[in-house]
Amino acid sequence: MPRPQHRKPRGLPLDGWLIVDKPSGMGSTDVVNKLKRAFNAQKVGHGGTLDPLATGVLPIAFGAATKTVPYVMDGTKTYRFTLKFGDERDTDDADGKTIATSDVRPTDEAILAALPAFIGDIMQVPPIYSAIKINGERAYDMAREGLVVEIAARPARVDKFELESRPDADTAIFTVQSGKGVYMRSLARDIARAVGTVGHIATLRRMRVGPFLEEASIPLDKLVGNEDIPPPSPDLLLPVTTALADIPALALTDAEAARLSFGQTISLVDLMGRIPDDANPDGGLVRAMAGGRLKGLARLEAGLVKPERWLSPGETTFVAPPPMGADDDTALKG
């Protein structure tokens, strides 16, 4: 029986990160598709969806960088949004239809008094126009079909929520610093309700995703969309490991790094004095560093350092370490 023929992937095997400044009016997947064609790349993804209305930092992962997407999405994010009072929309942003109105316009003092309730560990109900699945179906598909969408509140972490300015009585501009899975549209909706009115997001901009900052982003129209623009250069891509730059670094000896690469664990007691101050000992990630070089990722848990993902010898691709306790010298070394 002849062996099945494996089709060679189309495009170039590019690896790395590109930080794009997404324009309004375009979905994140549309940006990915445009850049995949422009770079003629085999594999492309993104590190955190932005709504079509939103602009700002959209990290684009090429090739091996797609393996680090979960760590980018877990990173700190910073946003600025404009809240329009008196008009609630079904999408909770300016792209939706009005479903409620109010003549109430809150004072600055009322807004400032309401903000603390939305900072820290909170419970948040996502927008009905979101990608959350309910009984296997996307919430936004159900909403578009006119079905009643009920989404349960879920935990969210908001580290900073500040009133930046008040252009006029109808609008307020906020800055937010948050973790994974926080919906800005829900924050806008809920803070408006908390001050006795209704509202929606009129503009939204993301300024940071993990280690990727607004000032390093490239406007999409500088890369694609104009026949006069030459094809973008692969030299624009940042190294795969750039995605991990804001994860606390743990200094290890070569012997300790080798133990982790074999799937073994190390007691935190043995690393006293070297645990980074900003590392979370209850499940937090650290970058395992030895000799000034990144070896992989490890997790602090139950008093131990446990290997999570390890770099292949070429330091471009993450692989899973062997099962805990493996001692086979054929195991992948860092």
Exercise for the section: Look through Asp246, Asp228, Asp190 and report the one residue that is more than 30 Å from Thr82 (Cα to Cα) and either in a loop (DSSP other than H, G, I, E, B) or assigned by TED's automatic domain parsing to the domain that holds Ala131 (or both). Expected result: Asp228
Practice task
Would you please name the residue that is farthest from Phe81 (Cα to Cα), looking only at residues in segment 193-214 that are among the β-branched types (Val, Ile, Thr) and assigned to a strand (DSSP E or B)?
Solution key: Val209
Handout entry: Tabulated pairs, segment 225-242, first over 24 Å from Val69 (Cβ atoms), second modelled with pLDDT of 90 or more and not aromatic (Phe, Trp, Tyr), C-beta under 7 angstrom, 6+ apart or interchain
Key = Pro231/Ala38
Practice task
Return yes or no: is Leu163 over 25 Å from the mean Cα position of the chain (by Cα) and either under 23 Å from Pro116 (Cβ atoms) or outside any strand (DSSP E or B) (or both)?
Solution key: no
Problem - For Glu256: the one exception among (1) in a helix (DSSP H, G or I); (2) within 25 Å of Thr66 (Cα to Cα); (3) outside the structural domain of Val20 (by TED's automatic domain parsing) - result: (2)
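Within segment 31-48, which residues are of a type in the set (Gly, Ala, Ser), more than 14 Å from Asp21 (Cα to Cα) and outside any helix (DSSP H, G or I)?
Residues satisfying the conditions are Ala41, Gly45.
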Completion exercise
Of (1) within 24 Å of Phe39 (Cβ to Cβ); (2) buried (at least 18 other Cβ atoms within 10 Å of the Cβ); (3) of a type in the set (S, T, N, Q), Ser178 fails just (1)
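The values are calculated or read from the model by the stated rules, or taken from the named source; none is laboratory data. All values derive from a computational prediction rather than experimental measurement. Glycine also receives a Cβ, built like all others from the backbone with ideal geometry; neighbour counts cover every protein chain displayed.
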